[in-house]
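First the structure, in the form of structure tokens, and then the observations on it.
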Amino acid sequence: MDVSVIICAYNRLWSLPKAIESCRQSKCKVEIIVIDDASTDGTWEWLQQQPDLVTLRQISNWGKPWAVNRAFHIAKGKYIRFLDSDDWLYPDANDKQFEIAEKTQADLVVGGYEIYNEREELIRSQNWIDCDDFIAQQLGEGDSSHYSAFIFKRELIENIPHRTSFASAGFASRDDRCLMLEVALAKPKIAIVYEPTLCRRHHSKKRLLFATSLKGLGTDLQHLLIYKNIINQLLIRGELTPRRIDAACEILWIIAHSIARTHLDEACEIANWVYQLKPDFQPIEEGLLGKLYSHLGFRNTEIILRIRRTIVSLLRPQKTQKYLDFPCPKTPKISFPSDGFNVGINNYDSCEKI
């Protein structure tokens with residue numbers, strides 16, 4: 001088998017057929033593995049009518065990382081692609097990338113991507129952008145494409161599973177970001193298809209009825225855990241260069257700003273960590289907001305922003321929100337030791353294996 005395409009689906013029958021059909025348009029030998037993660041919209045019944053697929057079913061909804069890891073163990077392809085169930089491939093993506101992989105003996109073949117809206121109208125086309133530091137690129141220096149636009153040699157990711165600290169979560173677990181950063185640390189031989197190989201769909205459909213703040217906090221915390229882990233590894237290996245610090249600090253600053261909406265003290269600790277990593281860090285915001293951060297500091301600026309949000313919310317018509325009826329655990333406290341690197345998250349282990 002040349003390429004195994006792994007697709008995890010949860011209540012995505014509205015988009016899954018297009019994703020699968022795009023994988024069928026290949027000349028090389030392609031194995032399509034679809035994992036139904038306990039869908040309730042008829043996904044499994046539809047899959048049973050597709051004789052050319054390898055299908056797996058989860059009785060309980062444990063989330064994408066667990067499902068993808070399960071599928072990887074039965075995949076027979078020399079190369080592996082992970083495709084989201086709401087996206088689709090260019091018709092010749094697998095053929096083109098497989099041919100280049102075989103010709104160059106690359107561990108990883110990257111590619112560009114396109115973004116479409118819900119009506120499948122093109123929003124933006126992005127070719128692959130060359131970068132002479134793949135780790136810095138994956139940390140956040142410029143556009144790093146999307147890992148569904150890539151194929152991986154099986155041996156490269158044999159010991160790099162999809163990881164998450166929040167199994168069965170209804171928010172983005174950043175497992176793809178964690179995997180790509182670990183792949184970058186492995187220093188793979190890379191080949192490039194500059195033009196788009198993936199079509200990404202931006203849509204407003206939800207997985208679960210979590211409150212927006214809870215979903216956002218979970219994603220931010222997972223993102224923080226991943227960067228804490230990767231930065232520690234780079235530090236230990238003596239590979240935390242100024243360029244990589246720059247890339248990481250911009251992402252950490254964004255995470256701090258997001259967390260500050262609900263957990264100001266913890267967000268300030270992240271901001272302090274940014275300044276420990278790069279003492280001359282300049283806030284990435286432009287205009288008045290950037291000046292506020294520079295002159296008043298992170299905490300005072302976030303307090304002003306919180307007051308502004310409160311006033312705006314009082315003036316805005318109130319909407320009724322729906323929530324799932326189950327108790328939520330208390331948010332773990334984020335703690336940062338004085339060295340700024342050995343960051344600890346109480347009760348959670350970063351990038352814990354499923």
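Can you say what percent of the DSSP beta bridges in segment 3-201, counting only those with both residues inside, are antiparallel? Round to 5.
Of the beta bridges lying entirely in segment 3-201, close to 30 percent run antiparallel.
Using the charge dipole of segment 1-150 (Lys, Arg: +1 at Cβ; Asp, Glu: -1 at Cβ; taken about the Cα centre), state which of I33, L108, Y79 has its Cα farthest towards the positive end.
The Cα lying farthest towards the positive end belongs to I33.
Go ahead and estimate [θ] at 222 nm for the chain from helices alone: -39,500 (n - 2.57) per DSSP H run with n ≥ 4, summed, over the residue count, rounded to 500.
-12000 deg cm²/dmol
Per Stokes-Einstein, at 20 °C and 1.002 mPa s, what whole-number D in µm² s⁻¹ belongs to the chain, with the Kirkwood radius over Cα pairs as the hydrodynamic radius?
98
Taking the Cα centre of segment 3-201 as origin and charging only Cβ (+1 Lys, Arg; -1 Asp, Glu), how large is the dipole, in debye to the nearest 20?
That gives segment 3-201 a dipole magnitude of about 500 debye.
Counting Lys and Arg as +1 and Asp and Glu as -1, what is the net charge of the other residues whose Cβ lies under 13 Å from the Cβ of L289?
The answer is -1.
Using the Cα centre of the chain as the reference point, and only Cβ charges (+1 on K/R, -1 on D/E), how large is the resulting charge dipole? Debye, rounded to the nearest 20.
900
With a point put 7 Å past each Cα toward its Cβ, work out how far E155 is from S125 in nm, to one decimal.
Modelled inter-label distance: 3.7 nm.
Holding the Cα-Cα limit at 29 Å, pick out from K187/K215; K64/K103; K18/K96; K76/K96; K64/K228 the pairs that are longer than that.
As for pairs spanning more than 29 Å Cα to Cα, those are K187/K215; K64/K103.
Net charge around P242, counting only other residues with Cβ within less than 14 Å of its Cβ (Lys, Arg = +1; Asp, Glu = -1)?
Combined, the nearby Lys, Arg, Asp and Glu give -3.
By counting other Cβ atoms within 10 Å of each Cβ, how are V34, V183, V312 ranked from fewest to most?
Ascending number of Cβ neighbours within 10 Å: V312, V183, V34.
Could you tally the net charge around K153, taking each other residue with its Cβ under 11 Å from the Cβ of K153, Lys/Arg +1 and Asp/Glu -1?
It works out to a net charge of -1.
Need one number: the % of Cα-Cα pairs in segment 271-318 sitting beyond the 14 Å mark.
Tail of P(r) above 14 Å: 58 percent of Cα pairs.
Which trypsin sites (Lys or Arg not before Pro) in segment 1-82 pass both tests, a DSSP loop state and at most 16 other beta-carbon atoms within 10 Å?
K27, K29, K76
Can you put I7, I151 in order of Cβ neighbours within 10 angstrom, beginning with the fewest?
I7, I151
Arranged by the count of other C-beta atoms within 10 angstrom, fewest first, what order do T197, T40 take?
T40, T197
Please list, or write none, the aspartates and glutamates whose alpha carbon is within less than 19 Å of the alpha carbon of K29, excluding same-chain residues fewer than 8 places away.
D2, E21, D52, D92, D95, E99, E102, D107, E155
Scan the chain and note any complete DSSP helix (H) whose C-alpha atoms cover at least 30 Å along its axis and whose Kyte-Doolittle average is -1.0 or more.
212-236
Rule-based calculations on the coordinates, nothing more; no lab input. Only a predicted model underlies this, so the values are computations on that prediction, with no experimental measurement involved. Counting neighbours? That spans all protein chains shown, and the Cβs are built from the backbone with ideal geometry, glycine included.
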